[in-house]
């Protein structure tokens, strides 16, 4: 088990390294980094000052080392607009995004998994067809459009739910459904196909041959096995949700890191944009690592393969 | 108990394609019987219907398949008339089955002990502790070393031979009367096969099981079985006591099968295989299904499907060559 | 040799035109999605002819007119006007052009790059394979949308830039899948024969491997088309995609948000429906293609 964790940790570190390198290079390579790092409306003197401050004239690898050391220390720069440390800013907004992602993930699992299971158990019958349509629609509708239409319906026409901001559970409902909708569809699909595969497996066949009641066959033998790929996907999706939430947070003015990114773009606040992307990537790597470990806990085969 | 333990009379199972256009006669008019303590070998090429026959017995057919006619008399009662919940009480408890691939048959997420104890808990209502103890004893009975330790392990930690023994342990856990083994040694190494077959034979003797052994390997049948039934294209073409059939096979297919086994010291230099391929089960040839490949074909064979004829003592053959002067057996 | 015959057959099936017509009688042929996509394509091509008004210029006095069938709507603006008085129908029509161009270009470029790298990686193996795969893995670790936004923020929004950015983000999918296929094709007899015959590596990759993976590439491209269009719409919605006054559907949604609370539903529902229609058709087509042509891709 330990060997397994160490190996995964190593891979995660490599990913982080490549991530930071990519972001670093992209910024330096496309256009003039001084313009990006300076506030909008900077004069030539300001630009020169920036160049000196960040050492943009020095060789690339020196710059990179400096870049990395700053990052490790948690120094992501200062926000132009908010005039505060970007890292602190990000961290203060992160809980809101995590809350939204958790709610959306719950929605997507609560809707997706049972629908997928029913679709698989009643394969090719009514439920399955309905499920397929639902999945297809989910994957075809942009999440922010779902959000906008829901606002139109539930806020403007019906007046039931608030259209923006946060603070109460009511505020959470629409954004989490808008965000979770697409993932519900993909979770449903995966649950269904995974369940179908498991239901056709030899060990399920043997379980039936043992004379076990069908409910036990499905709940004990099929369910746990079928769920493995779905949970893996869900874990990875959680972080993707946080990153993709930028549009939903913008639509609902939800105060998370997605909206922070939007503000960064709108106000041309580059340090914020860079930090959001970097930290978003870091989160993906970290969560992938955790999911891998969790996977090993659930499935005993993985532990021994390392 | 009077009469045979298991009696299959004129059983037919058909698969119907999704649109109802194609009908595949997977099992066609099969009649067999089996007594307590006997071993019946069912032999045939792949697609001959052997596995479908076993699944039909246990009423575990996929939705596309239907039992069209016949009776499955088990302990004097027709299994076709039983409800699904009644069948579930029979499966695993009175009739058990071993599948071919032991790695695939065991659920990778649960311990071996859990899976062996399961039928005991479900069928006999045993408590967890008792079932676990029984499971350990069963592992001992199938000759697994250090059963107390193995019982807690997962399937992937065991070798192929051990896994197949576990599957065997699961099968006998509730003391069934009939055990169906579907190609149990095909995925095992040759060196393990003999050991496993010996285990099966010993288990059969000690538990007085009726054993149905499905295989394509005539050598195994010779070693393990008292009776043999040869299947071709879903039909039973020859059946009877093993020694008799091996010494004097009546059906040309059986003859060809026996001839194709290479033997050391054979004067023939070439391996004789049977010409041609088994027919498409959804479109079998008219008349006798074997006629396109039969070296002893007669005109009649092309158009009329032969019924079963009695040949010598307890041996039957579905071939016009075996037709006596008087009427054929039902 | 059966493998090569079957593969070449299935490869040419997509590429030759006459046999394509026989498909229509194939089971489950997605007539409606293809009709819709063709319709959108035609609208995009003939936008200048079809659109009744100039999509980028509007009459301020005519703002926020609802569609013709509602009160205060006119036949002149069948689907209403937006906050600058621009005709919605015309904007939708020209928006189709943007979606089609961006969608196709991204999918083609990403597909070409990804397939090429996938073939090289799968066939050459060893260190090239390792490098390309590590690169792909690292790339996949980046949050796609966020990354696209990041790039757009750096190099500035424009249609061309969006195409480049999205292509950069989406090529990795192709590379992985194609590489997997190449790994198995590499062992087939007809490839080995070519090696024995002394063909150069590049020739083998071009002549033997490429035709056999093109099926999967096309299926993957169709499946990705929907995602690309949604991504473009999202980017435009956020203001880092196609810049105004071009009538990208995503941009129309951003504008539409301004009138949302006032109940000007058509500015939101209509552009979004267009997006959904196009993505849905692409997904249905992609699903059908996947089932018909490449069972290996069923895992996707």
message: At q = 0.19, 0.29 Å⁻¹, what log₁₀ I(q)/I(0) does region C:177-229 have when each alpha carbon counts as one equal point scatterer in the Debye sum?
response: -0.65, -1.11
task: In Å³ and rounded to a whole number, note down the convex hull volume per residue for the Cα atoms of region B:214-264.
output: 82
statement: Here the percent of antiparallel bridges among DSSP beta bridges lying wholly in region B:170-245, to the nearest 5, is 55
query: Could you give the nm distance between label points at residue B:259 and residue C:41, where each point is 7 Å from its Cα heading toward the beta carbon?
result: 6.2
message: For a protection proxy built on the mean count of beta-carbon atoms within 10 angstrom, sort A:121-129, B:284-292 highest first, please.
response: B:284-292, A:121-129
task: Sticking to Cα atoms, compute the Rg of region A:100-163 to one decimal and its Dmax as the biggest Cα-Cα distance, whole number, in Å.
output: 14.5, 40
- line: Expected integer from the mean partner chain Cβ neighbour count at 10 Å over A:195-208 is 4
query: Within 10 Å of each Cβ of B:102-109, how many other protein chain Cβ atoms are there on average?
result: 6
message: From the helices alone, meaning DSSP H stretches of at least four residues, give me the mean residue ellipticity at 222 nm for chain B, per-run term -39500 (n - 2.57), in deg cm²/dmol to the nearest 500.
response: -9000 deg cm²/dmol
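Can you check how the C-alpha radius of gyration of chain A compares to 2.2 N^0.38 Å, as a plain ratio?
1.21
Express as a percent, rounded to the nearest 5, the fraction of DSSP beta bridges in chain B (both residues included) that run antiparallel.
60
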task: Provide the percentage of antiparallel DSSP beta bridges, counting only those with both residues in the protein assembly as shown; round to the nearest 5.
output: 60
message: If I take R0 = 35 Å and measure r between the Cβ atoms of residue C:131 and residue A:65 in this structure, what FRET efficiency does the formula 1/(1 + (r/R0)^6) give, to the nearest 0.05?
response: 0.90
- request: Please quote Rg/Rh for chain B to two decimal places, taking the Kirkwood radius as Rh and restricting both calculations to Cα atoms.
  value: 0.99
Kirkwood-Stokes translational diffusion coefficient of region A:132-204, alpha-carbon pairs, 37 °C, 0.692 mPa s, µm²/s: 235
task: For an R0 of 45 angstrom, estimate the FRET efficiency from the Cβ-Cβ distance between residue C:50 and residue A:124 and round to the nearest 0.05.
output: 0.60
message: Below 8 Å between Cα atoms, with a sequence gap of 6+, how large is the relative contact order for chain B in percent?
response: 20
Averaged over A:215-222, number of beta-carbon atoms from partner chains that fall within 10 Å: 2
field: Folded to 0 to 90 degrees: helix B:112-124 orientation relative to chain B principal axis, Cα
entry: 80
- request: Let me know the volume per residue of the alpha-carbon convex hull for region C:44-153, in Å³.
  value: 140
- line: Kirkwood Rh over alpha-carbon pairs of the protein assembly as shown plugged into Stokes-Einstein at 4 °C, 1.567 mPa s gives a D in µm²/s of 40
task: In whole angstrom, note down how far apart the Cα centers of region A:78-123 and region B:220-263 are.
output: 66
query: How big is region B:180-239 on each of its three principal axes, counting only the C-alpha atoms and giving the largest first in Å?
result: 31, 27, 17
- line: One quarter of the C-alpha convex hull surface, i.e. the mean projected area of region A:197-261 in nm², amounts to 5.9
field: Rg/Rh ratio calculated on Cα atoms of region C:154-300 (Kirkwood radius)
entry: 1.15
- line: Counting all Cα-Cα pairs in region A:199-306, those more than 22 Å apart amount in percent to 54
- request: Over the residues of region A:145-255, compute the C-alpha Rg and express it relative to 2.2 N^0.38 Å.
  value: 1.48
- request: Round to the nearest 10 and give me the degree value, 0 to 90, for the angle of helix B:160-172's Cα axis relative to the longest principal axis of chain B.
  value: 90
- request: Whole number please: convex hull volume per residue, Cα atoms of region A:174-225, in Å³.
  value: 70
- line: Note to self: C-alpha centroids of region B:106-164 and region B:24-67 sit apart, in Å, by 29
task: Any chance you could list the semi-axes, whole Å, largest first, of the equivalent ellipsoid that the Cα gyration tensor gives for region B:137-255, using √(5λ)?
output: 31, 15, 12
Ranked packing of C:163-169, A:162-168, B:98-104, A:231-237, most packed first, by mean Cβ within 10 Å: C:163-169, B:98-104, A:231-237, A:162-168
- prompt: Exposure proxy check: B:73, B:231, C:205 ranked by fewest other beta carbons within 10 Å?
  reply: B:73, C:205, B:231
message: Per-residue counts of other Cβ atoms within 10 Å, averaged by peptide: what ranking do you get for C:284-290, B:26-32, A:154-160, highest first?
response: B:26-32, C:284-290, A:154-160
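Can you give the calculated 222 nm mean residue ellipticity of chain C, where each DSSP H run of n ≥ 4 adds -39,500 (n - 2.57) and the sum is split over every residue, rounded to the nearest 500 deg cm²/dmol?
On the way: 13 runs with 209 residues, N = 300.
One gets -23000 deg cm²/dmol as the mean residue ellipticity at 222 nm.
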field: Cβ-based exposure ranking for B:183, A:197, A:249, in which fewest neighbours within 10 Å come first
entry: A:197, B:183, A:249
query: Rg and Dmax of chain C, Cα atoms, in Å?
result: 22.4, 77
When the convex hull of its Cα atoms is projected in every direction, mean area for region A:60-125 (nm²): 8.6
message: Once R0 is set to 35 Å, what does the formula 1/(1 + (r/R0)^6) return for the Cβ-Cβ distance between residue B:302 and residue B:18, expressed as a FRET efficiency to the nearest 0.05?
response: 0.65
- line: In degrees, nearest 10, the alpha-carbon axis of helix A:223-252 is tilted away from the dominant principal axis of the alpha carbons of chain A by 40
message: As a test of the formula, what do you get for chain A when each DSSP H run with n ≥ 4 contributes -39,500 (n - 2.57) and the sum is divided by the residue count, at 222 nm and rounded to the nearest 500 deg cm²/dmol?
response: -25500 deg cm²/dmol
- prompt: Given a cut-off of 25 Å, what percent of all Cα-Cα pairs of region B:43-170 lie beyond it?
  reply: 36
- prompt: Taking a quarter of the surface of the convex hull around the Cα atoms of region C:111-161, what do you get in nm²?
  reply: 4.2
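Here, each number is a calculation from the coordinates, and none is a lab measurement. In this text the structure is predicted, and so the values were computed from the model without any measurement. Don't worry about glycine lacking a Cβ; one is built from the backbone with ideal geometry, like all the others, and counts go over all protein chains shown.
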